[in-house]
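Input: a single structure, listed below in C-alpha cells.
The values are calculated or read from the model by the stated rules, or taken from the named source; none is laboratory data. Note that the coordinates shown come from a computational prediction; the quantities given were computed from them, not determined experimentally. Note: ideal-geometry Cβ built from the backbone for every residue, glycine included; neighbour counts use all protein chains shown.
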Amino acid sequence: MLIAPSILAANFGKLEEEIKAICECGCDLVHIDVMDGHFVPNLTIGPVVVESVAKASTKPLDIHLMVQNNNFFVDLFAPFKPKYISFHIEEEKHSNSLAQKIRNYGISPAIVLNPHTSLDSIYYLLEYIDMVLVMSVNPGFGGQKFISNTLDKIKELKDMLEVRNPNCLIEVDGGVSDENILELKKSGVDIAVAGSYIFSGDYKERIKTLRV
Ligand code: DX5
Ligand code: ZN
C-alpha cells in the first residue's frame, strides 16, 4: 500500500521544509487538498503554493480538487505535472469528458466520492479512470473521525472494479491512522492518505506504522 501525506496538516509557515521532510521520511505521494470555499466550506491552496510544493517535492503529486469549477482548476494545476488529479462526482456533470481532458494532459484522472455518494454514480466511469478516491470523512477539514461504513463501500468497490477495471486503484482519505490501516488494507485500499496522523508525530515513525 502506498502512503500519501495530506499537506493540509503541515505547518504552512515552513512548507518547503515540511515537504522535504515527508519525502525524506519515505512517503510515496504528496496529497494536496484544493478547496474553493464553495464546494466545501474551507479555502486552501492555489497555484502559487502548488508551484512551491512541486519544486520542493521529490515524490509525485496527488491533487484532490474540492471545487465547483473543475475544468478551470484542471487547467490551472496541469502545468505542475501531478501524477493524479481527482475531482468529485457530486460536482461534475461531464465526468467522462473531464477525465479525458486530464488524461490528454498526461495526468492520471481519478474520481472522488463523498461518504454518502453511492458507487452506482461512477459505475459507467470506471473504465475511463485510473483511481477512485473514497472519502472516509466529509470533505473540507483535516482531523475528523473516520466513518466506519467506508470499509463496506471499499469492499463493494473492489468487487465492482474486478469486473469494470481491475487496473484502477483505490485511495482512501480522511481519519486514516494506525487504528484503521489494517482493515483498510484488507478491504482493498491501494493508497492511504493521512494528514493529522502523520503530521502530529514523528513523520518517519508514523509513515512506517501505516505500512502494514
Ligand atoms: C479532507 C481532505 C483530507 C484531509 C485528511 O477534506 O481531503 O485530505 O486533509 O486529513 P486527516 O488525515 O487529518 O483526516
Ligand atoms: Zn484530500
Across segment 41-66, what is the number of residues that are within 18 Å of Glu171 (Cβ to Cβ) and not small (Gly, Ala, Ser)? 8
Would you mind listing the strands (runs of 3 or more DSSP E) fully within segment 18-125 where at least 1 residues are of a type in the set (Asp, Glu)? 30-35, 61-66
Is there any pair with a first residue in segment 184-212 that is within 15 Å of His31 (Cβ to Cβ) and among the β-branched types (Val, Ile, Thr) and a second that is within 9 Å of ligand 1 (Cβ to nearest atom) and in a helix (DSSP H, G or I) whose Cβ atoms are under 9 Å apart and which are 6 or more apart or on different chains, and what are they? Ile198/Ala9; Ile207/Ile198
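Taking the condition of being touching a residue at least 40 places away in the same chain (Cβ under 8 Å) and within 15 Å of ligand 1 (Cβ to nearest atom), how many residues in segment 35-64 meet it?
Looking only at that region, the number is 8.
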Quick check: anything in segment 159-168 within 16 Å of ligand 2 (Cβ to nearest atom) and at pLDDT 95 or above? no
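Using the structure shown, decide if Lys101 is of a type in the set (D, E, K, R), closer than 26 Å to Leu43 by Cα, at pLDDT 95 or above and over 17 Å from the mean Cα position of the chain (by Cα).
So Lys101 fits the description; yes.
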Flagged in segment 131-183 as free of Cβ contacts under 8 Å to residues at least 60 places away in the same chain, under 29 Å from Gly37 (Cα atoms) and not hydrophobic (A, V, I, L, M, F, W, C), in numbering order, are Ser136, Asn138, Gln144, Lys145, Ser148, Asn149, Thr150, Lys153, Gly174, Gly175, Ser177
